[in-house]
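For reference, the structure is listed below as structure tokens.
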Amino acid sequence: MIPSFQLFGETSAFPDVIHHERIRDRALLHDWRIGTHRHTDMVQLFHMERGAAEVRIDGRSYRLQDGEFLYIPVHSVHGFAFRKGSEGGVFSFPLTLKDALPAASAELSARLTRPLQAACDAAFVRLLTALVQAFEDTGTFRASLLASLGQAVLISVAQAGVSGEDAEEAATQRRMGDFIRLLREDLSAARGAGDYARSMGITTGHLNRICRAASGLSVSDYIEAARMTEARRLLAFTQLSIAEIGYRLGYTDPSYFSRRFRNVAGATPSVYRQQFLN
């Protein structure tokens with residue numbers, strides 16, 4: 001059974017408006033390794049000032065490095081292996097604080113339901129510093145200040161997630177554009193997914209993920225769809241024989257080309273061509 005804690009190793013009620021501690025204070029107690037666990041009533045933010053940590057969250061690996069933060073949503077199963085001597089802060093926010101975020105943006109709440117990792121810019125570091133100062137303060141309005149700053153941190157985390165996803169989407173689209181250009185340049189060759197991936201300097205699995213994210217198709221299906229689109233054009237606008245069209249598109253067996261075309265277009269090549277001859 002996976003342990004569920006408020007703070008690591010603690011099962012009592014959440015102790016404050018938010019909680020802050022240094023990475024070393026907790027990690028030293030466990031020889032720099034925090035075992036697999038989860039939290040049922042809070043979210044956490046790890047800020048790595050200097051050092052590194054290997055993190056597993058719901059089966060996925062992350063590497064937290066200098067100047068980065070890692071946000072861990074509620075119920076996520078996670079564990080850490082810190083580099084000895086790592087310095088940074090751990091911020092814990094109860095769900096009551098997160099759930100009180102402005103309700104105007106459902107997207108904001110949705111961003112905070114999954115892990116987020118990003119580099120900390122100067123403004124974000126200043127915000128974390130102000131939160132730590134408020135946590136250590138004893139002023140009359142300490143709780144209100146902690147709540148406001150805590151929510152500002154969570155909003156900034158969500159915003160960083162938007163920027164990170166935009167960058168990831170842009171990278172995916174750029175890679176997809178590279179793949180399409182290669183495909184158009186070499187549409188006639190009998191090349192498979194692995195051939196295009198090697199030309200791009202990435203693995204076939206990576207190219208498949210890019211292709212599915214951009215088009216919803218696997219690389220192999222996308223290649224065939226592109227070739228069949230070209231086959232339609234050649235059938236409609238040239239006098240090339242069906243066998244020659246198949247050869248041009250990398251199909252060495254005319255019968256196999258005809259079967260694949262019929263599966264995609266719903267008609268044999270000859271029937272498809274006939275509609276343009278009438």
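The values are calculated or read from the model by the stated rules, or taken from the named source; none is laboratory data. Treat the numbers as computed from the prediction; the structure is a model and nothing was measured. Please note: Cβ atoms are built from the backbone with ideal geometry, for glycine as well, and neighbour counts cover all protein chains shown. We work out accessible area using only protein heavy atoms, side chains counted, and drop any ligands, DNA or RNA first. Shrake-Rupley method; radii C 1.70, N 1.55, O 1.52, S 1.80 Å.
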Quiz item: So how do CYS211, CYS120 rank on accessible area, 1.4 Å probe, biggest first, that is with the largest at the start?
Solution: CYS120, CYS211
Practice problem: Work out the length of the dipole vector of region 207-278 about its Cα centre, built from +1 on the beta-carbon of each Lys and Arg and -1 on the beta-carbon of each Asp and Glu, and round it to the nearest 20 debye. | Solution: 140 debye
Quiz item: How would you classify region 30-114 from its alpha-carbon gyration tensor, with a ≥ b ≥ c the square roots of the eigenvalues: rounded for a/c under 1.5, else prolate if a/b is greater than b/c, otherwise oblate?
Solution: prolate
Quiz item: Got a sec? What order do ASP16, ASP137 fall in by accessible area at 1.4 Å, biggest, i.e. largest, first?
Solution: ASP137, ASP16
Exercise. Pull up the DSSP beta bridges for the chain and report the antiparallel fraction as a percent, rounded to 5.
Key: 95 percent
Quiz item: What percentage of the solvent-accessible surface of region 52-111, computed with a 1.4 Å probe over protein heavy atoms, is contributed by carbon and sulfur atoms?
Solution: 52 percent
Quiz item: Angle between the Cα long axis of helix 142-185 and the longest principal axis of the chain, 0 to 90 degrees, nearest 10?
Solution: 20 degrees
Quiz item: If you take the charge dipole of region 172-278 about its Cα centre, with +1 on Lys and Arg Cβ and -1 on Asp and Glu Cβ, which of GLN274, SER258, ALA213 is farthest toward its positive end?
Solution: ALA213
Quiz item: Given a 1.4 Å probe and the protein chains all in place, what does the accessible area of THR252 round to, in Å² to the nearest 10?
Solution: 120 Å²
Self-check item: Assigned charges on the beta-carbon of Lys, Arg, Asp, Glu; the chain dipole about Cα centre (debye)
Solution: 1160 debye
Exercise. Give the calculated FRET efficiency between ARG212 and ARG126 to the nearest 0.05, with a Förster radius of 35 Å applied to their Cβ-Cβ distance.
Key: 0.30
Self-check item: Given charges at beta-carbon only (K, R positive; D, E negative), |dipole| of region 39-147 in Debye
Solution: 220 debye
Quiz item: Which angle from 0 to 90°, rounded to the nearest 10, does the C-alpha axis of helix 204-215 make with the longest principal axis of the chain?
Solution: 90 degrees
Quiz item: Does region 126-221 classify as rounded, prolate or oblate by the C-alpha gyration tensor (a ≥ b ≥ c root eigenvalues; a/c under 1.5 gives rounded; else a/b over b/c gives prolate, otherwise oblate)?
Solution: prolate
Self-check item: HN-Hα J in Hz across region 49-60 - Karplus 6.51, -1.76, 1.60, θ = phi - 60°, x for Gly and Pro
Solution: 6, 8, x, 6, 8, 8, 10, 10, 10, 6, x, 9
Self-check item: the chain: calculated mean residue ellipticity at 222 nm from DSSP helix runs of at least 4, using -39500 (n - 2.57)
Solution: -15500 deg cm²/dmol
Exercise. Bin width 5 Å, alpha-carbon pairs only: give the P(r) of the chain as whole percents, running from 0 to the bin holding the largest distance.
Key: 1, 5, 10, 12, 12, 11, 8, 6, 6, 6, 6, 6, 5, 3, 2, 1, 0, 0
Quiz item: For region 15-84, what is the accessible area per residue in Å², given a 1.4 Å probe and the full set of protein chains?
Solution: 46 Å²
Exercise. Scan around VAL77 for amide H atoms under 5 Å from its own, H built in the peptide plane at 1.01 Å from N, and keep only partners 5 or more places away or cross-chain.
Key: ASP58
Practice problem: Heads up, I need the accessible area for SER109: 1.4 angstrom probe, whole protein in place, Å², nearest 10. | Solution: 50 Å²
Self-check item: Nearest-0.05 FRET efficiency for ARG181 and THR40, computed from C-beta distance (R0 51 Å)
Solution: 0.55
Exercise. Please name whichever of ILE202, TYR222, HIS30 sits farthest to the positive end of the charge dipole of the chain, dipole taken about the Cα centre and charges placed at Cβ: Lys and Arg +1, Asp and Glu -1.
Key: TYR222
Exercise. Would you check the accessible area of LEU145, probe 1.4 Å, heavy atoms only, in square angstrom rounded to 10?
Key: 80 Å²
Self-check item: region 85-228: relative contact order in percent, alpha carbon pairs under 8 Å with at least 6 residues between
Solution: 19 percent
Self-check item: With Cα atoms, 0 to 90° folded angle of helix 254-265 axis to the chain main axis
Solution: 50 degrees
Quiz item: Let a ≥ b ≥ c be the square roots of the eigenvalues of the Cα gyration tensor of region 94-144; is it rounded (a/c under 1.5), or, if not, prolate (a/b larger than b/c) or oblate?
Solution: oblate
